[in-house]
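Only one structure is covered here, and it is reproduced in the block below.
The values are calculated or read from the model by the stated rules, or taken from the named source; none is laboratory data. The structure displayed is predicted, hence computed values, not measured ones. Note that we place each Cβ from the backbone using ideal geometry, even for glycine, and neighbour counts take in every protein chain shown. Note: areas computed on protein heavy atoms with side chains; ligands, DNA, RNA excluded. Shrake-Rupley method; radii C 1.70, N 1.55, O 1.52, S 1.80 Å.
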Amino acid sequence: MSPGEAHVAPYSRRERLRIATIREIKDVARTLLVQEGPENVTIRAIAREMGMTAPAVYRYFSSRDALILQLRVDIFEEMARFMRGVLGQHPEEEPGRRWISGARALRVWAIKHPHEFGLILGPWAPGLGREETKPERHMSWVFGSVFSDLVADLWGVRGFPAPEVEELDPGLARTLTALSEDQDVDMPPGAIAVMLRCWVRLYGVISMEALGHMSFALSEGQHFFEFELRDLCRVLDIAEFYEEVV
């Protein structure tokens, strides 16, 4: 093999060690999140688990918030991959079936990963990497757009019952119009109101179950979730697909 054909490693040994250490720091942080709760995800605790000093960890993450924000990014991406895999089981020309499948998939992921769900979409601990930074707003919108895009596709393919703009409170109509323009949502204000209504109800029932806020009334939440999902299918006029999507 000539010198020009020799394989060149994409990273130096030092950079590979740095990448591996960052990965280990995030893995330890996630383990602490799951086993001990978000308030115990601290630089000092991570350093102790790794046999490092806290200042050594700070060489990789400038602050606890920086670490938590990166952990949130990773979890968002993991959840998005899971959702894309499920949605990919249905053709893009069937947004109704995709919306139902996506709703069920979100619940499955949230129930399986309640601590992670609480960190990225739950109400836990203000200050845990949740500042209103541009990356944070971008992550939230990108994930929310998974469902908004499905509803927009549904609106374009077959439509669904929605109030006329004159039926909305003027202030709400202005807000929804601004949202449509700012985020390039190709639906009238009334349809956007229906979309938000469905998302709030879907997110609410999943969040309350995943974070344990419904245990006072229900030993398990699947049947109530399906009760709500069926009603949301009626709202979106896709009830005929409810029994078809497993």
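Given labels modelled 7 Å from the Cα in the Cβ direction, how far is it in nm from Tyr203 to Arg59?
Once both label points are built, they end up 4.0 nm from each other.
What do you get for the angle between helix 170-183 and the principal long axis of the chain? Use alpha-carbon atoms, 0 to 90 degrees, nearest ten.
50 degrees
Probe radius 1.4 Å, ligands and nucleic acids left out: which of Arg59, Arg14, Arg107, Arg201 has the largest accessible area, and how do the rest follow?
Arg14, Arg59, Arg201, Arg107
Express in Å², to the nearest 10, the accessible area of Asp149 obtained by rolling a 1.4 Å probe over the protein heavy atoms while all chains stay in place.
Taking all protein chains as shown, Asp149 has close to 80 Å².
Between Val34 and Arg13, how high is the FRET efficiency from 1/(1 + (r/R0)^6) when r is the Cβ-Cβ distance and R₀ = 41 Å? Nearest 0.05.
Between Val34 and Arg13 the formula returns 0.80.
With a point put 7 Å past each Cα toward its Cβ, work out how far Thr42 is from Glu24 in nm, to one decimal.
Using points 7 Å along Cα→Cβ, the separation is 2.2 nm.
Given the Cα-Cα distance of Phe227 and Arg158 and 0.36 nm per residue of separation, how much length would full extension add, in nm?
This chain segment gains 22.5 nm when fully extended.
Is the shape of the range 1-96 rounded, prolate or oblate, going by the alpha carbon gyration tensor and its root eigenvalues a ≥ b ≥ c, with a/c under 1.5 for rounded and a/b larger than b/c for prolate?
Since a/c reaches 1.5 but b/c is at least a/b, the shape of the range 1-96 is classed as oblate.
Subtract the Cα-Cα distance of Ala80 and Glu93 from 0.36 nm times their separation in residues, and report this length gain in nm to one decimal.
Using 0.36 nm per residue and subtracting the Cα-Cα distance, I get 2.7 nm.
Provide the per-residue ³J(HN,Hα) series for the range 63-75, in order, calculated from phi with Karplus coefficients 6.51, -1.76, 1.60 and θ = phi - 60°, each as a whole number of Hz, with x at glycine and proline positions.
Ordered by residue, 3J(HN,Hα) equals 7, 4, 4, 4, 5, 4, 4, 5, 5, 5, 4, 4, 5 Hz.
Would you mind telling me the share, in percent, of accessible area of the chain contributed by carbon and sulfur at probe 1.4 angstrom?
54 percent
Could you provide, to the nearest whole Å², the per residue accessible area of the chain with probe 1.4 Å?
Value for the chain: 56 Å² per residue.
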